[in-house]
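K.L.:
This is the structure I have questions about; it appears just below.
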Amino acid sequence: MITDNAINKLVADKVLEEEAEEKAKHVSSGKLSASGLNDPLQWQILKTLGVPTKEMDEYTLRKFQRGKDVEDRILGWLPVSSRQEFVEYRNVVGYLDATINSSFWFTEGLPKSEMPLEIKSVTNAKFKRIVDQGSPDKGHILQVCLYGLAKGTKNTAIGYVASDDYRIQSYILNVEDYKKEIDDIIDKFNDQIAKHQIPVFEAREKWMADLKYCKYPDFMEKNQEELDEILLELNK
């Protein structure tokens, strides 16, 4: 028997190549994104400035691709009426995965209309955590509720998919319950933009301060004076 990793190497090279191509094509809109509503204010500002996040390793890129494949498969099985629709609310932008009619759900009393549906592919371990905690992650809640605000719907939904076996746990949210929180985040972002400053790092959740998960580790411990100098260099 011969062990040969040529195929694995070809796939690895392709994953890295496609990531490089995507980065080269991407141009920052200069706007806050729905998926970044729960990010620390520093991350939000750096992203609008076009500062690249830390490089993702090949393993993480493969996991992201797996997630995209799972989400695409699930949406292909569902009676959705649209996919990857661009939406905007108070200058915050995003692409919602799909819209689906409320008559699809078992829950009674939902308005008879279309609502946003966001599909999130997760590992089996995270799927168990989501089910055990009985609610979606805050970042996902804010993201999908912004889509509801953009679409003017009363409800919005998140479907978590266990990527190993396609089990799905769904949550239907009342958009109004999160409107004030979303508006407050947008207001704070707009105020920071008006200051023309990169703010010091403040984590919204504990895990964000972990170097393993931090998107901009080089900025995390900078003071305001150092950040002001960095902004001057970025604007040259």
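Read the figures in this text as sums done on the coordinates, not as results from a lab. Since we're looking at a predicted model, the values are computed, not measured. Cβ: placed from backbone, ideal geometry, glycine included. Neighbour counts: every protein chain shown.
K.L.:
Counting other Cβ atoms within 10 Å, keep those with at most 12, restrict to DSSP loop, and tell me which GluC sites (Glu not before Pro) in the stretch 147-210 are left.
P.N.:
Counting only loop positions with at most 12 other Cβ atoms within 10 Å, the GluC sites (Glu not before Pro) in the stretch 147-210 are Glu202.
K.L.:
I would also like to ask the following. Which ³J(HN,Hα) values, rounded to whole Hz and listed in residue order, are derived for the stretch 25-39 from phi using the Karplus coefficients 6.51, -1.76 and 1.60 in 6.51 cos²θ - 1.76 cosθ + 1.60 with θ = phi - 60°, glycine and proline given as x?
P.N.:
Result, ordered by residue: 7, 6, 10, 5, 6, x, 10, 5, 9, 4, 5, x, 4, 8, 5 Hz.
K.L.:
Below 8 Å between Cα atoms, with a sequence gap of 6+, how large is the relative contact order for the chain in percent?
P.N.:
20
K.L.:
Where in the chain lies the longest segment free of chymotrypsin sites (Phe, Trp or Tyr not before Pro) that are both loop residues by DSSP (not H, G, I, E, B) and have at most 16 other Cβ atoms within 10 Å?
P.N.:
Longest stretch, sites excluded: 1-104.
K.L.:
Quick one: which residues, 5+ away or cross-chain, put their amide H under 5 Å from the amide H of Asp164? H built at 1.01 Å from N.
P.N.:
Close amide H contacts, sequence-distant or interchain: Asn124.
K.L.:
What list of ³J(HN,Hα) couplings, whole Hz, do you get for the stretch 108-115 from phi and the Karplus terms 6.51, -1.76, 1.60, once you set θ to phi - 60° and write x for glycine and proline?
P.N.:
Per-residue couplings from phi come out as 8, x, 6, x, 6, 7, 6, 9 Hz.
K.L.:
List, in order, the whole-Hz ³J(HN,Hα) value for each residue of the stretch 76-82 obtained from phi through the Karplus relation with A = 6.51, B = -1.76, C = 1.60 and θ = phi - 60°; use x for Gly and Pro.
P.N.:
Result, rounded to whole Hz: x, 8, 9, x, 7, 9, 7.
K.L.:
Continuing with the same structure: Taking the alpha-carbon distance from Lys188 and a cut-off under 23 Å, which lysines remain once sequence neighbours fewer than 8 residues away in the same chain are dropped?
P.N.:
Counting by Cα, and skipping residues close in sequence, Lys188 has these lysines nearby: Lys31, Lys47, Lys138, Lys151, Lys179, Lys180, Lys206, Lys215, Lys222.
K.L.:
222 nm [θ] for the chain, helices only, -39500 (n - 2.57) per DSSP H run of 4+, per residue, to 500?
P.N.:
Calculated from helices alone, the mean residue ellipticity at 222 nm is -14000 deg cm²/dmol.
K.L.:
With a 10 Å Cβ neighbour count serving as the proxy for reagent exposure, in which order, fewest first, do Asp97, Asp218, Asp165 appear?
P.N.:
Starting with the residue having the fewest Cβ neighbours, the order is Asp165, Asp218, Asp97.
K.L.:
Which FRET efficiency, nearest 0.05, do Lys25 and Phe106 yield, Cβ-Cβ r, R0 30 Å? Write out the running numbers ahead of the final one.
P.N.:
On the way: r = 41 Å, r/R0 = 1.38.
After rounding to 0.05, the efficiency reads 0.15.
K.L.:
Please list, ordered by chain and number, the residues whose modelled amide H lies under 5 Å from the amide H of Ile119; skip anything fewer than 5 residues away on the same chain.
P.N.:
Correct list: Asp97, Gly159.
K.L.:
If you keep only loop residues by DSSP, which trypsin sites (Lys or Arg not before Pro) in the stretch 50-82 have at most 14 other Cβ atoms within 10 Å of their Cβ?
P.N.:
Counting only loop positions with at most 14 other Cβ atoms within 10 Å, the trypsin sites (Lys or Arg not before Pro) in the stretch 50-82 are Lys54.
K.L.:
Of all DSSP beta bridges located in the chain, what percent are antiparallel, nearest 5?
P.N.:
Roughly 75 percent of the beta bridges in the chain run antiparallel, per DSSP.
K.L.:
Using modelled backbone amide H atoms (1.01 Å from N, in-plane), which distant-in-sequence or interchain residues come within less than 5 Å of Glu85's amide H?
P.N.:
Leu96
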